[in-house]
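What follows draws every value from the coordinates through simple rules; no lab data is involved. What you are looking at is a predicted structure, and each value in this text was computed from that prediction instead of being measured. Here the Cβ is made from the backbone with ideal geometry for all residues, glycine too, and neighbour counts use every protein chain on show.
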Amino acid sequence: MIDDLPAVGRGASPAPVAVTRTTNEDVRAQNLSAVLHLVHAAGAQSRSEIGAVTGLNRSTVTALVQELLDLRLVREESVKPTGRVGRPSLGVAADDDVVALSIVVDPRAISVALVGLGSAVHSRVRHDLASPPSPRRFAHVVASLVDGMRADIDRHYRLVGAGVAVPGLVDSRGTVLLSPPLSWRREQLAHRLSDVLRMPVAVGNDASVGAMAETRFGVARGVRNVLYLSGSMSGIGGGLVIDGSLLRGTSGFAGEFGHTVVNPSSALCSCGRRGCLQVEVNPATVLALLGRRGLDEDELDIELSVARDPVVLAEVARQVDVLSVALTNFVNAFAPEMVVLSGYLGVLLATSRERLSEAVRLHPVGSEGRTVRLERARMRSHLMQIAPAELAFEAVLNDPSAATSQL
Ligand SMILES: [Zn+2]
């Protein structure tokens with residue numbers, strides 16, 4: 001009987017649930033999680049669509065949906081039939097009244113968004129900074145921004161906690177081991193912020209969080225093996241999703257692709273080595289040649305599309321060449337189905353798609369006929385508004401009834 005098996009792994013969106021449970025109650029909990037993961041990532045689904053994706057039979061889907069409705073994690077809304085004409089049917093969507101705080105910190109700003117389980121951004125506030133904040137100042141600013149949202153949250157929503165994306169190495173307990181852009185070292189951030197906000201707080205590396213969100217909601221949705229690379233002034237971060245799960249490594253921070261050494265005789269990197277990828281491929285030199293400061297991704301797109309200065313074009317071409325060598329190595333090492341470039345690397349892709357596509361074309365023995373898709377991140381700035389909330393939703397998504405009993 002097919003319902004004896006958990007639904008995870010049968011084409012549902014990547015669901016990081018271990019398939020080790022055995023009792024009926026455990027299988028039910030796991031199927032509940034699979035259904036919630038699906039409507040969370042894919043939006044409103046009819047019951048028959050849920051059945052088709054999870055492989056669960058009709059009566060099981062009906063019972064699971066009812067349980068999620070009782071837990072007030074999903075709500076009913078009409079969905080259009082896909083691919084054929086017909087009347088809209090009553091579908092199931094993640095309930096946006098279940099919310100998490102989505103917090104992003106970089107050297108120039110702290111932003112806090114209130115994000116629903118269905119990915120709605122209910123509100124967003126941003127605090128600009130003149131210099132990188134100390135951990136203490138960061139916690140103080142976040143607390144005051146959240147205080148301004150409290151009345152709204154208490155009146156309208158059920159809050160599960162907060163997720164924070166940090167540019168740096170973060171361990172599985174939410175300690176920032178090192179963040180060169182923020183000058184933080186061995187900072188127990190989850191602990192500190194949880195004390196101040198009086199709610200559960202989860203912390204992750206910004207690129208890893210971005211990688212997970214891009215595979216759940218963005219251009220890599222449903223793709224099981226993805227290499228995600230994101231570039232900014234702060235450096236290059238990455239995430240590797242293998243069989244639907246983010247590779248964490250023994251220390252919890254695998255995917256430091258920015259510190260791949262590509263030119264040992266070049267300039268010093270913040271990590272202490274010379275010629276790391278993020279030193280060689282960086283918007284700072286391009287912006288300096290353009291005579292501009294602080295352009296965002298969209299503005300830099302426009303600037304480079306009209307740039308005619310041969311010095312600027314030569315520097316962009318040099319960086320694209322370095323990036324393509326690195327991409328060839330990464331693709332040969334990990335054999336992803338898709339490479340997603342985000343931030344500044346997405347800008348380089350827009351200027352030089354041909355050159356970079358050639359870099360991910362596999363040539364090694366045994367790879368005949370296999371192509372690696374190269375895509376620019378789709379969600380762009382919206383992604384980083386909602387991505388950190390995923391850290392906070394993890395407990396609810398993985399064990400809906402246990403987590404909801406604490407709300
Ligand atoms: Zn380095």
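Looking at the chain, do any whole DSSP H helices span at least 15 angstrom along their long axis by alpha carbon and average -1.0 or above on Kyte-Doolittle, and which? Membrane-span-like by this rule: 24-42, 58-70, 135-156, 206-217, 310-334, 380-398.
As a proxy for reagent exposure, ranking 208, 245, 119 by other Cβ atoms within 10 Å from fewest up yields 245, 119, 208.
Modelled spin-label separation between residue 62 and residue 318, with each label point placed 7 Å from Cα along the Cα-to-Cβ direction: 6.8 nm.
Where both bridge residues fall in the chain, DSSP classifies roughly 65% of the beta bridges as antiparallel.
Note on the stretch 109-217: antiparallel DSSP beta bridges, both residues inside, total approximately 70 percent of the bridges counted.
Grab the other residues whose beta carbon is less than 10 angstrom from that of residue 349, score K and R as +1, D and E as -1, and report the net. Neighbour charge sum, excluding residue 349 itself: +2. Over all other residues within a Cβ to Cβ distance under 15 Å of residue 92, the charged ones net out to -3, with Lys and Arg as +1 and Asp and Glu as -1.
Would you mind calculating the relative contact order of the stretch 241-324 from Cα pairs under 8 angstrom and at least 6 residues apart, reporting the percent as a whole number?
It comes to 21 percent, rounded to a whole number.
Positive-end ranking of 323, 336, 284 along the dipole of the stretch 219-378, with charges on Cβ about the Cα centre, is headed by 336. Charged side chains reduced to their Cβ positions (Lys and Arg at +1, Asp and Glu at -1) give the chain a dipole of some 200 debye around its Cα centre. Cβ crowding within 10 Å, taken as a proxy for footprinting-reagent exposure, orders 76, 280, 49, 337 from fewest neighbours to most as 76, 337, 49, 280. When you restrict to C-alpha pairs under 8 Å that are six or more residues apart and normalise by the size of the stretch 219-378, the relative contact order lands at 26 percent. The residue 298 and residue 325 beta-carbon pair, evaluated with R₀ = 30 Å, returns a calculated FRET efficiency of approximately 0.65.
Sorted fewest first by neighbouring Cβ atoms within 10 angstrom, 23, 62, 351 come out as 23, 62, 351.
Report the Cα centroid-to-centroid distance between the stretch 169-213 and the stretch 264-343 in angstrom, as an integer. So the separation of the two Cα centres works out to 26 Å.
Projecting the Cα positions of 100, 115, 258 onto the charge dipole of the chain (unit charges on Cβ atoms of Lys, Arg, Asp and Glu, taken about the Cα centre) puts 258 furthest along the positive direction.
Report the full-extension gain for the segment residue 268 to residue 136: residue separation times 0.36 nm, less the Cα-Cα distance, to one decimal in nm.
Extra length from residue 268 to residue 136 when fully extended: 44.6 nm.
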